[in-house]
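Working notes for the structure below.
The values are calculated or read from the model by the stated rules, or taken from the named source; none is laboratory data. Just so we're clear, the structure is a prediction, and the values are computed from it rather than from any experiment. Glycine gets a Cβ as well: all are built from the backbone with ideal geometry, and neighbour counts include every protein chain shown. Keep in mind that these areas ignore ligands, DNA and RNA; they rest on the heavy atoms of the full protein, side chains included. Shrake-Rupley method; radii C 1.70, N 1.55, O 1.52, S 1.80 Å.
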Amino acid sequence: MNEQRSCGLSSGVEFKNLAYKVQLGYKKGYKEILKSINGRFPSNKLIGILGGSGSGKSTLLNLLSGYEEGKYSGTIRTYGVDEDLKQYRKKSVYIMQDNYLQDLLTLRENMEIAADLKLGDRFGCYAKKAIIDKVISVMGLKDAIDTKTGILSGGEKKRLSVGLELINEPSILFLDEPTTGLDSSACTQFMEHLKELTVEGKTIICTIHQPSATVFNLFDEIYILQDGSCFYRGKPEDLLPCLENNGWTCPLFHNPADFAIELSINNVNIVQESVWECEEEVTKDEPCNTNKVDISDVSEYYSFKVLMKREFLKCIRNKTLTYLRLITSVMNSLTLSVIFWKVGSDASKMLFNYNFIMGFLLHLMTPSLMLTILTYPNEKLTLFREHFNRWFSLKVYYLVLTLIELPIAVS
Ligand SMILES: Nc1ncnc2c1ncn2[C@@H]1O[C@H](COP(=O)(O)OP(=O)(O)OP(=O)(O)O)[C@@H](O)[C@H]1O
């Protein structure tokens with residue numbers, strides 16, 4: 001099974017005449033964020049989308065991954081196979097800039113729950129453990145396996161974010177600014193881990209802000225954006241010769257990435273003949289192998305059980321909040337009982353009965369309101385990440401959240 005999971009599942013992605021504009025408001029017109037750009041990101045490569053701030057890096061990544069729902073013009077597809085966006089999304093995972101993880105669980109628990117949600121019950125315990133062990137070793141997380149996620153270092157959290165998504169062997173990984181917040185050595189180490197994944201047959205596409213020279217040279221392909229247009233695309237080692245052909249020589253000991261981004265910000269235009277010549281070659285690759293684990297096969301009942309387990313663990317770990325909520329609920333019930341003691345048996349106290357019903361309803365509604373007010377803002381982005389990467393369906397998630405609140409509501 002493992003052999004089947006890791007053999008050449010990756011596919012490249014290409015986009016043609018990709019344009020994206022957003023409406024700025026009533027009678028304020030449109031802003032063109034991407035201006036009819038073309039590109040081709042081959043499979044099994046580490047690809048960097050670079051550019052100055054506001055050049056459209058995140059927008060391009062979001063459109064390619066399907067994370068951005070807005071309307072674009074042009075085409076996005078994987079090589080050799082005409083697939084719609086839905087199919088394309090199924091092959092990829094999206095890893096956000098910030099690490100939205102379950103802080104109260106240990107690294108191992110996070111991995112186990114991700115494995116259960118993504119692989120379902122078609123894989124036995126031993127098979128799942130083998131997959132988890134492999135991912136942990138690939139991402140270099142062995143030493144932190146029993147550490148709570150909330151206290152992991154920034155680099156470890158980043159690697160865990162990637163590791164969680166690697167469990168079901170996605171073909172394409174999209175990462176938005178994965179090195180933000182990491183020091184230069186952690187950043188290089190993290191990018192080296194990503195580079196190793198490409199050897200296993202993954203396509204990794206990430207936006208990156210000012211890569212160091214070491215990180216820049218790790219990329220197989222780079223795509224530099226200049227105010228929504230393509231400034232340069234190709235191999236990193238060809239960047240400086242290309243700039244020199246256009247009359248721009250990078251000073252000695254200067255980071256080539258910084259030099260190119262500075263030029264792009266200063267509206268310098270370069271001509272890149274070799275790239276445009278191969279424009280028509282874009283659909284010649286083999287169709288990708290679709291023989292991969294499909295999360296949609298996991299039953300909702302199984303997802304429900306795993307999510308219940310996770311939420312229960314979180315309640316146990318967050319003892320203070322759970323006790324506080326229980327105590328508040330019990331105190332409210334007692335107060336209501338004392339104030340309205342036996343009012344129901346006295347017909348002369350109609351108004352008291354009305355007040356009691358109102359008070360009781362408020363007491364009943366407060367836990368569910370608190371659930372939304374307290375839990376949702378904290379959980380929102382974790383939910384976005386997990387749901388977007390197809391860990392579970394929304395109805396299962398809300399059912400679990402409602403049921404886990406039931407004991408407090410009943411008390
Ligand atoms: N929904 C939107 N409405 C208006 N402007 C937008 C919208 N989304 C993006 N933009 C603008 O489009 C430009 C490109 O945004 P994007 O986030 O893709 O840039 P970026 O290259 O990732 O920038 P950074 O590196 O600073 O994150 C920015 O100027 C941004 O303000």
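Which cross-chain or sequence-distant (5 or more) residues have an amide H under 5 Å from the amide H of residue 232, H modelled 1.01 Å from N in plane?
224
Against the 2.2 N^0.38 Å scaling, with N counting residues, where does region 175-218 land? I'd like the Cα-based Rg ratio to two decimal places.
So the Cα radius of gyration is 1.07 times the expected 2.2 N^0.38 Å.
Say we join alpha carbon atoms closer than 10 Å with springs in a Gaussian network model of the chain; which of 188, 335, 78 then has the biggest fluctuation?
In the Gaussian network model the winner is 335.
Filter the cross-link list 45/380; 319/395; 129/309; 31/90; 202/305; 90/309 down to pairs whose alpha-carbon distance in this structure exceeds 24 Å.
Result: 45/380; 319/395; 31/90; 202/305; 90/309 exceed 24 Å.
Taking 2.2 N^0.38 Å as the expected size of a compact globular protein, what ratio does the Cα radius of gyration of the chain give against it, to two decimals?
In units of the globular-protein estimate, the chain measures up at 1.20.
Could the peptides 65-76, 93-104 be put in order, highest first, of the mean number of other beta-carbon atoms found within 10 Å of their residues?
93-104, 65-76
In whole percent, what relative contact order does region 300-410 give with Cα contacts below 8 Å and a gap of six or more residues?
Dividing the mean separation by the residue count of region 300-410 yields 46 percent.
P(r) tail for region 300-410, what percent of Cα pairs lie past 21 Å?
Roughly 48 percent, rounded to a whole number.
If you place +1 on the Cβ of every Lys and Arg and -1 on the Cβ of every Asp and Glu, how big does the dipole about the Cα centre of region 300-410 come out, in debye to the nearest 20?
360 debye
For residue 143 and residue 69, what is the calculated FRET efficiency with R₀ set at 30 Å and r taken between the beta-carbons, to the nearest 0.05?
0.15
Using 1/(1 + (r/R0)^6) with R0 = 41 angstrom and r between the beta carbons of residue 189 and residue 360, what's the FRET efficiency to the nearest 0.05? Walk me through the numbers on the way to the answer.
Details: r = 58 Å, r/R0 = 1.40.
Plugging the Cβ-Cβ distance into 1/(1 + (r/R0)^6) gives 0.10.
Quick one: helix 300-317 against the long Cα principal axis of the chain, what's the angle to the nearest 10°, folded into 0 to 90?
With rounding to tens, the tilt is 70 degrees.
Quick one: if the Förster radius is 30 Å, what FRET efficiency do residue 328 and residue 129 give, using the C-beta to C-beta distance and rounding to 0.05?
Efficiency for this residue pair is about 0.15.
Go through 154-165, 388-399 and give me the packing order, highest mean Cβ count within 10 Å leading.
Top of the packing list down: 154-165, 388-399.
Show me 258-266, 202-210 ranked by packing, highest mean number of other Cβ atoms within 10 Å first. Intermediate values should be presented prior to the final figure.
Numbers: 258-266: 18.4, 202-210: 22.1.
Descending mean neighbour count gives 202-210, 258-266.
Which distance in nm do the two modelled labels at residue 337 and residue 252 give, with both placed 7 Å along the Cα-to-Cβ direction?
Between residue 337 and residue 252, the label points sit 8.6 nm apart.
Per 0.36 nm of contour for each residue apart, how much would the distance between residue 262 and residue 153 grow if the chain were fully extended, relative to their Cα-Cα spacing?
Full extension of this stretch gives 36.1 nm more.
Sort out for me the Cα centre separation of region 182-226 from region 227-248, rounded to whole Å.
What the calculation gives is 18 Å, centre to centre.
Antiparallel versus total DSSP beta bridges in the chain: what percent is that, nearest 5?
So the antiparallel bridges amount to about 55 percent of the total.
Using a/c under 1.5 as the rounded threshold, could you call region 65-218 rounded, prolate or oblate? The axes a ≥ b ≥ c are square roots of the C-alpha gyration tensor eigenvalues, and prolate needs a/b larger than b/c, oblate otherwise.
Because a/c hits 1.5 or more and a/b fails to exceed b/c, region 65-218 counts as oblate.
Going toward the positive end of the dipole of region 300-410, with +1 on Lys and Arg Cβ and -1 on Asp and Glu Cβ, which of 392, 353, 336 do you reach last?
So the residue furthest toward the plus end is 392.
Relative contact order for region 86-161: what is it in percent, counting Cα pairs under 8 Å that are at least 6 residues apart?
On the way: 51 pairs, mean separation 35.3, N = 76.
After rounding, I find 46 percent.
How large is the charge dipole for the chain, taken about the Cα centre, if only the Cβ atoms of Lys, Arg (+1) and Asp, Glu (-1) carry charge, to the nearest 20 debye?
1860 debye
With the other protein chains left in place, how much accessible area per residue, in square angstrom, belongs to the chain at a 1.4 angstrom probe?
Ligands and nucleic acids excluded, the result is 51 Å² per residue.
Report, to the nearest whole %, how much of the accessible area of the chain belongs to carbon and sulfur atoms, 1.4 Å probe, protein only.
Exposed carbon and sulfur together represent 57 percent of the surface.
Helix-derived [θ] at 222 nm for the chain: sum -39500 (n - 2.57) over DSSP H runs of at least 4, divide by residue count, nearest 500? Let's see the in-between values first.
Details: 16 runs with 194 residues, N = 411.
Per the formula, -14500 deg cm²/dmol.
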